[in-house]
Structure formats: structure tokens, C-alpha cells
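Notes for the one structure printed next.
The values are calculated or read from the model by the stated rules, or taken from the named source; none is laboratory data. Note that the coordinates shown come from a computational prediction; the quantities given were computed from them, not determined experimentally. For neighbour counting, all protein chains shown are included, and Cβ atoms are generated from backbone atoms with ideal geometry for every residue, glycine included.
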């Protein structure tokens, strides 16, 4: 008993050590966001900042609130559109039996693996002809396309947990597939769908490369604003730290919500928790 | 009597051209309701632009929004957008060396056409008042494309207190620079110094431009027909990036690195200037746009402790101070071309230019260089003026491949400086790649 | 019957069409563009040059070849680190899973996974500042080492990128392997205990075999991410110093959107695409297999 208690303490100490490795860099940036330019880099370091110093946040937000709004519109928009496309498809792939079913599923999955950078120029040219460059709409479309495969696969893995008997019983009662989808599958997989939505939200929120290609002025997202702060002109680190903190809030909060399903999501539903 | 004295005083303070003060309400149209968007580099002058722009609003009714970007980011966004016919920005502040690319991308409504069409009073433009090494940067395909406004020239900046303490004269030759840098590096007398000298060495534009800035003063030339005074710099563009002079210069930089602060391999414009303002290096070569910052009490620790000198040169060569800077262009696809042109006319005019310079921006016209008040506020102006007269306008290429050529070169130079390749190998590779690039577009056979 | 068919089609077809238009068409168009010399800033003038872009990239351009090499160096090194550290952490969390506090510690530890990669890059750019950063300060005060330009010299920069990359993704490997460890039947552990097997035997004979498929899955998924590695490079080193951290995605980006050479850029994109397809094929097979195995357990 005693040895096992000691063992636990040692293991716990290690676990805490690892936790610190993964949290301290972020905390240092968080603390930095409450310091002025000189304090951020003063040596020896100022370990604990004055948390009432909010100037970095106010300056940064006043410069960039429109980009934050853009980010939110694009993120929420693409999350909704992704779900509208993906859920029925995932349902179909799970419950319909047709030729080439597996092939289709694999094909959808494989588009997820294609590197976005390889699609950027053709999409740029396409949107140029549609006169949609520098529009939030274009970003929503592209993010949706890149998220659909993920959403289809993960939602399918949740739909598969619905007992087949339930579906068959409704079929016999004469319910249409659409009814079954809306009244049985979706309500029974609420938790799973929330997981998918959160992942898609975070992916879109974090996206940089495509936004870098497609936005000029009006449609710039928050990550674009942040990256512009560090491109070779003078870096105002206080503002950058504040922006980083704001950008990090949604992923952190949502990860805490997700924790149970995170493995499942990151492995595209292959691993159940 | 008193009136007369006052009049004489005020006259002598005014530069020649602005003696004929422009009646702006007559010269500029009414643009009420227009929101003019200006796309600019985030160089120190941007605050001055924001500061004086409300005057334009009060005359024309058009509001002015100035948005700043980093160097590479600006290039990327500007050219991509305008070549696709984007009208987000009306006025583009463009680096003079990008002009070829912007003309090729069909981005610019040439100012020459605009003023011919409008029948503009040419004394408002005062083209001859521009210093020619800089004004040439706004001309491409034989046409005046944009209005120059922010001319920069390089000067050597050095710490007078340190040089006096050591009984040194400001360095003139590369050898002087090296000897002084060596003296100050790790010198126990000056513990706050991290290095003797700082240069732009970061991969890409920073290191690539550094090469062009130095090569003429190093006694070399970047390609066959480009040398100070060349009648047609683009006649023969075969590269000389691996010539004996080029390689010797890179090797000189490799030696200089030993006397620079740690991390200098990542320095670009801002880091270089910061090292000087923070009192960490004894010397830098620097664009004149940042010189006023060194007297800004908010950021500088070297106020009153520095002076400027002509750009250094190799033994047996002469000083060719680098020239560069920003020209204001009208976006061809803008929906507010008239307002944009009025803004250009107003902003680049000798009178407003003077006002802008007095807000802490770099003088770029003869009238500004000779202005007593500017000379009083920016005491380095005489050296700057001399530098500007000695400079060579084709310092860096200005054709459509410029950015790519400079970036390619900057990668190879940076490789040599970080020890990834020898000077000879790096410059051989640079020469080969640049030649191939120029061949692909038919610039050379 | 017919009506049902239409209904079923409506469930699946829109997504397929959408993917074809926005996902598949671009890749095909990239292949087409890669046979041209073309500039994004003057699209009206492009000319066919066939194979030449590939020829230049694969046989003449040392930067692109280095980019491929760097991508895989970074991928293999970071994945190795992630597996080793991830396994150790998974073991620790597995052993203390019955402690209440372990849940909280684990949740905090996995935060980096979902953080915006751009922000991860910035956090480390701030920490690793050579003269004024906290890392230099710690190294100098506690270990007496002279600070160096962690992101400014070839080898340190490469190591830094690998570390940043692993920092973000080790927690992922950890929870994945932890999920794997959970599938090990407890009877096997008890049997090993009775046999008096030491930890090494337990690890090699029991644990690793049963989490192997999880490990493989993790490796493949990470490989796909590493091939796309862009954001962190973009904010920290921008491929430098020299070409020490130039990677495929960044090379493609700057060829297409800084030099505007979309012909060469597309060729480079197609090469990434081919590499991705190979990795993807393996990945899809693995995902299917793991899924089937997982369903059994």
C-alpha cells in the first residue's frame, strides 16, 4: 500500500511536469499580454505582470474588431454549411446499401488528406472569375469543402452506433429516409454532432493559408491580421500577445468541452473512446 | 520695420517652390462622401501620413484611411490584388523597384496620362524639384507612372561618443569599417555593446537588397551593363553575381559577422535600426527614413550621440550611396481615380511634402533638402543631400522579375552568411538561378 | 421504389458534387497549370512548356530538393519524439488514471493540440528571442550557456522547428496511445505479474503489440499533417536561415504567391499531391483496419 502510494506520487509529479511543459509557454504569452513593450522583454524577467494593465487588449481590439467579426462569420458560416452537407451524406453512407459504397467513403476521406496549398491557385482563379475574391463567402465555401470529408467520416462513426433495429422498425412503419434522418438519427447523435461541429469550428478558426491567398482587405480574418503584425515591420509584442490570447480562447474552451471525444475526432472516428 | 523683418524671415524659411503657395480649394475637386483607401508600408513615415491627411479631408471632403503592411506582405497583397482588377485600395504606395512588375500587372493609371488629361498646372507637380536619382524610380517604359514622395538614401550612422572616446574618425573605407567594428566588439570598456556593426542579413529581401546596396561601393556591379552612369542599364543583363568583386564582398561580410551582435543573421530593417537605437552597436548603414527615430526620446537611447557619414567604399572604389523609396500610384481599377489623383497631387506637392517632412519623414526634394527649418530639425540633411546627389538610380533592378530576383539572391547570400555554403558556391548558385529566371522571360538570350 | 432512389441520391449527391467542384477540380487544374510557364499577375500570357517545370524542380533546383528533404527530416524527427514522449506520458496517465486529479492534468496537457498553429509559432517566437527571450535567460542563468539565435542559425533553427512541432502534437500521440492502452485486457497484465515479467517485457510483449495499430494510425495522420506544415514556418523562420527550414508547402506558397510563378508552383503542388496520395492510400487502409479492430473490442 505504501509503495503504491509513493509510486503514485512520483508518477503524479511526472504528470505535472509534463503538464507544465505544455502549459507554461502559453502562460508566458498570456502574462506578456498584460505587460508594456519594455516589460515584455525586460531582463531579469517580470514574472508576474500587473493584470489590470489592459492597454494591449484595448489597442488591439480597436484596430482589429472587424477582423474578429470576419473570423466569426466565416467560422460559424462554414460550420453550419459543413453540417448541412455532411450529415445527410454520413447518414447515407451508414444506412444505405449500394454499389461502390466503400469506395465512395474512401474517396471522400481521401480528399481530406490532400494538401490545401495544392488547390489554392486553381481556386483563386476560379473565384476571380466568379468575382468572389476577398469575400467571406469564398472563404466559407473553401473551408466547407476542406471540412466536409472530416465531418462525413466522424458523423458516420457516430451514426453507426444507432441500433439498426430502430431504423428498420421505422422503415417498416413507412417513414421516409428523410424522416428517419431528422427524427431518429440526428437526435440520437446529438453529442456526436456537437463534437463534429466543434472540430469544424476550430479547424476553420485556425485556418491561415487559404485566407492568406484569398483575402485582400475586406475579408481578412483574425489570423491574417495577427500574421501581418509580425511581417518584418516593427513587431509590437504587447499587441501580438493580446491578439494571440484572443485567438486562443475559443480553441482552449472548446477543447475542454471536447476532451471525451477528442481522440475520436482527431482520428476521424477510427478510435472510439 | 518689424513687419519687413518678419517678412524677410518668413521668406527665407520658405523653400523656393512653395513661394507660389497653391490654392488647394481651386486645384482639388469636391470628393465628399468618398473614402479614399491608401495602402502603405508600415515604415516610420506612416504616422506622418496619417497626421497630415485630415487637411486633405477638410479641402475635398474625402476621408482618407491609411493602412500599413510589412514589406513582403505589402508586395504580395498589392500586386496580387491590383493585377486581378481589385479596387479595395485607391492609392498604392509602391516601392520604386517594383514599378516594372506593377506596370506589367496592369495596376497603375500613369500620372503622366492623368495630368495631361486634366491639364494640371505643372508647378503643382514640380517634377524638376525631385532629386533625379529618386525621381527616376517612378519612370518605366519611358513614362512617368507615379509621383515620388518618400526618397530614402543610405548613410553610415555611427556613435560619436564611442568614436571620440577611441579617437577615431568616421570610417570611409571597408577596411576602416572592419577595423572599427573589431575594436568595439566584445570590448570590456563598452559592456552595453553587443557588436561593432549591424547589417541586414535575414533571408530574402533583406539580404538580397543588402547585396545591391553594397556592390557598387565594393567596386563591382550586379550585371554587365549596370554601373553608375550607364546609358542603358538593361542593355545586357547577364549576371555578375559571382564575379571576383561580388565574392570578395560576400567574404568581407562573412568576416564582418564576427563583429556583429548574436542573431544578426535574422536582422532586417527594423532589427538593424533597433540595435542602434538600443545602443547595442557602434555603427550601422541605414536608410534615411529611420534616422529621425534615433532622436525620438520614446525609443532611442542614443539621442545626441550619433552622427552620419557617407556610405563607405572599398579601397580603390568610390562611394555610391544606395537610393530607394516609395512612390505613390493611382490604382488603375480604383473607383475613385479622380480623388486618388487629387490626393497624389496634394500629398507629393513641395508644400505638403515639406509639412510631411517636418512631421518626421524623410526629405526627398531639392526644396526640402535646402529648407532651413528641415535642416534645423534633421541636422543630417547636408550629408543626406550629398548622398542623394551621388546615388545611382538603377541600384537594384526595377523590371517585372525584381522581387523574385532579389529573393533568390537573398536566399543564397543568407546561406553564405549562415555558413550553409561558401561565398563562391552561394554566389555561383545565385548567378545561375538569376540567369535562368531572366532567360525564362526573355530578358537575356 | 423510384422515389426512394431519388431520396437516397439527394442524401449523397450534393456533397459529391460540391467536393468535385471545390476539391477535385482544383487538383486537376493544378496538373494542367504545371505544364505552363505562367505568372499570376499576367494570366493572359502563358505558354506551354510541358515537362520543364518538373525538370527544373526535380533536377536543378536545390531549394526544392532541400525542401522535400527538410519536410521529411522534420516529419520523421518530430514523429519519433512524439511517439517516445507520447508513450511515456500515456503510460504515466494510464497508471494514475484512477486518481481524480489525473483528469484535470490530462485535459490541460492536451490544450496545445487544438491551438491555432499560427499562435503556437508566435508563442515560441516570443520565447526564443535570442537576446531578450525568456528561454535565453533561463539557459544563461541556470546553465550558464551563451544564448544563440535559435531560429537564426541553420541547425538550431531546424531543431527548434522540430521541437515546436512536437510540442504541439505530443499530447495527441499521448491520448491516442492512452486510448490504445485502455484496450489492453487487464488479464494480460495480471498474467504478466504472476509470471514475474519486468516492465520491459510488459512493454514489448504486451503493450506495444496491442497498441501497434494505434501507433501506426498516429504516425500516418501526423505524416499527413507534416507534409502540410506551413503556419509555424510562416511566422517563425520563413524557411530560413538560408534554406534550413524550407519545407514543401512553404516553398509552394512563396513560388505561387510571392514570385507568382504559378506554373512552377503548380508543379511543386502536384509533387506534394503525389506524395500525399501515397501516404493517404496507406492512411485510408489503416483507418479502415483500425476501425474494424476497434469495433471488435
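Side notes on the structure shown:
- Being closer than 30 Å to residue C:43 by Cβ, in contact (Cβ under 8 Å) with a residue 40 or more places away in the chain, in contact with a helix residue (DSSP H, G or I) (Cβ under 7 Å, 6 or more places away or on another chain) and buried (at least 17 other Cβ atoms within 10 Å of the Cβ) is true of residue A:124.
- Scan of segment A:133-143 for residues that are under 20 Å from residue C:30 (Cα atoms) and more than 7 Å from chain C (Cβ to nearest Cβ), ordered by number: A:133, A:138, A:139, A:143
- Some residue of segment B:199-207 being farther than 21 Å from residue C:240 by Cα and touching a helix residue (DSSP H, G or I) at 6+ places or on another chain (Cβ under 6 Å): no
- Considering A:150, A:225, A:203, A:181, the condition of being surrounded by fewer than 24 Cβ atoms within 10 Å (Cβ to Cβ), within 14 Å of chain B (Cβ to nearest Cβ) and in contact (Cβ under 8 Å) with a residue 40 or more places away in the chain is satisfied by A:225 alone.
- Top-ranked residue of segment A:212-222 - restricted to ones that are in a helix (DSSP H, G or I) and within 12 Å of chain B (Cβ to nearest Cβ), ranked as surrounded by the most Cβ atoms within 10 Å (Cβ to Cβ): A:214
- Within segment B:368-383, the set of residues being under 20 Å from residue B:154 (Cβ atoms) and part of a loop (DSSP other than H, G, I, E, B) comprises B:378, B:379, B:380.
- Residue satisfying condition, being within 25 Å of residue B:104 (Cα to Cα), within 19 Å of the chain's Cα centre (by Cα), in a helix (DSSP H, G or I) and within 14 Å of another protein chain (Cβ to nearest Cβ), within set B:406, B:434: B:406
A quick yes/no check of all residues on (1) facing another protein chain (nearest Cβ under 8 Å); (2) under 26 Å from the mean Cα position of the chain (by Cα); (3) not in a helix (DSSP H, G or I):
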| site | (1), (2), (3) |
| --- | --- |
| A:51 | no, no, yes |
| A:59 | no, no, no |
| A:70 | no, yes, no |
| A:73 | no, yes, no |
| A:76 | no, yes, no |
| A:93 | yes, yes, no |
| A:109 | yes, yes, no |
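- Taking the criterion of being part of a helix (DSSP H, G or I), more than 14 Å from residue B:352 (Cβ to Cβ) and out of contact with any strand residue (DSSP E or B) (no Cβ under 6 Å at 6 or more places or on another chain), the only residue of segment B:42-57 that qualifies is B:47.
- Residue check, residue B:360 over 30 Å from residue C:262 (Cα atoms) and assigned by TED's automatic domain parsing to the domain that holds residue B:254: no
- Any hit, segment B:36-55, residues being within 11 Å of another protein chain (Cβ to nearest Cβ) and without any contact (Cβ under 8 Å) to a residue 40 or more places away in the chain: yes
- Residue A:85 being within 19 Å of the chain's Cα centre (by Cα) and part of a helix (DSSP H, G or I): yes
- Checked against the criterion of being touching a helix residue (DSSP H, G or I) at 6+ places or on another chain (Cβ under 9 Å), modelled with pLDDT under 95 and crowded, with 24+ Cβ neighbours inside 10 Å, the candidates A:135, A:155, A:110 yield just one match: A:155.
- The number of residues in segment B:81-122 that are farther than 24 Å from residue B:70 by Cβ and either surrounded by 24 or more Cβ atoms within 10 Å (Cβ to Cβ) or in contact with a strand residue (DSSP E or B) (Cβ under 9 Å, 6 or more places away or on another chain) (or both) comes to 7.
- Counting only helices (runs of 4 or more DSSP H) that sit completely within segment C:100-181, those holding 1 or more residues that are more than 8 Å from every other protein chain (Cβ to nearest Cβ), surrounded by fewer than 21 Cβ atoms within 10 Å (Cβ to Cβ) and modelled with pLDDT of 90 or more correspond to C:100-109, C:134-143.
- All positions within segment C:223-248 that are part of a helix (DSSP H, G or I) and under 22 Å from residue A:229 (Cα atoms): C:231, C:232, C:233, C:234, C:235
- Residues of segment A:1-40 that turn out to be part of a helix (DSSP H, G or I), under 14 Å from residue A:248 (Cβ atoms) and more than 8 Å from every other protein chain (Cβ to nearest Cβ), as a count: 3
- Residue match in segment A:188-195 (condition: facing another protein chain (nearest Cβ under 10 Å) and assigned to a helix (DSSP H, G or I)): no
- Residues of segment B:71-97 that are more than 11 Å from chain C (Cβ to nearest Cβ), in contact with a helix residue (DSSP H, G or I) (Cβ under 9 Å, 6 or more places away or on another chain) and part of a helix (DSSP H, G or I): B:71, B:96, B:97.
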